Amino acid sequence: TSDSQSPAGVEERGGKPAPPTGVQQKPIASVDLTQSRKDPATMLKDPNNILSKRSIYYEYDQFDVKDEYRGMVEAHAKYLRENPGTKILIQGNTDERGSREYNVGLGQRRSDGVKRMLILLGARDNQIESVSLGEEKPQADGHSEQAWSKNRGSDMLYSGEF
């Protein structure tokens, strides 16, 4: 006796099936294939690219990243995900007010907060170093709110920049 089974029948259909009625199809995003041929690091220096923006500023005595910097941090996390060999240094800074010890701690909380965001968005822990400069390397000189606001920040530096 033969245990062979006859093959299943195949139904022939012409063309692509129509999408169900009432369903809108979104347009497919275009992809710039020339971008992948460029050195990815050029994006970091292009002033028209969000990756050229590297500073996050804080309110007095705060270390939470404001919503206005979220898109920038997301862009840097994406860059780090797509370039796993890339390393970044985050330097937390404070203005001159407060004791030296307090400012070192606050600067560290600021840089650690940015690091945590990058990791939550997919960057790897071993790509990121966070340090505090406290009040030691101010971006602006002076003893006014205008100068202090420029000194309360976290700056992101990529390999070769630190």
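Would you pick out the residues in region 48-77 that are without any contact (Cβ under 8 Å) to a residue 12 or more places away in the chain and exposed (fewer than 12 other Cβ atoms within 10 Å of the Cβ)?
Scanning region 48-77 gives Asn48, Lys66, Asp67, Glu68.
Answer with yes or no whether Asp67 is at positive phi and modelled with pLDDT of 95 or more.
When the stated conditions are applied, Asp67 does not pass them.
Given the options Asn83, Asn151, name the one that is open to solvent by less than 20 Å² (accessible area, probe 1.4 Å) and of a type outside the set (A, V, I, L, M, F, W, C).
Within the list Asn83, Asn151, the selection yields Asn151.
Say whether the condition of being part of a loop (DSSP other than H, G, I, E, B) and closer than 19 Å to Asp64 by Cα is met by at least one residue in region 125-137.
The answer is yes; a qualifying residue exists.
In region 108-148, which residues are charged (D, E, K, R) and open to solvent by 10 Å² or more (accessible area, probe 1.4 Å)?
Arg109, Asp112, Lys115, Arg116, Arg124, Asp125, Glu129, Glu135, Glu136, Lys137, Asp141, Glu145
Condition test on Tyr102, is it over 16 Å from Met43 (Cβ atoms) and aromatic (Phe, Trp, Tyr)?
yes
Only one of Gly122, Gly85 is out of contact with any helix residue (DSSP H, G or I) (no Cβ under 6 Å at 6 or more places or on another chain), assigned to a loop (DSSP other than H, G, I, E, B) and at pLDDT 95 or above; which?
Gly85
Going by what's in this entry, would Gln91 be described as closer than 26 Å to Thr42 by Cα, at pLDDT below 95, open to solvent by 30 Å² or more (accessible area, probe 1.4 Å) and outside any helix (DSSP H, G or I)?
So Gln91 fails the test.
The values are calculated or read from the model by the stated rules, or taken from the named source; none is laboratory data. These numbers were taken from a predicted model, which means no experiment stands behind them. Backbone-built Cβ (ideal geometry, glycine too); neighbour counts: all protein chains shown. In case anyone asks, the SASA skips ligands and DNA or RNA and just uses the protein heavy atoms, side chains included. Shrake-Rupley method; radii C 1.70, N 1.55, O 1.52, S 1.80 Å.
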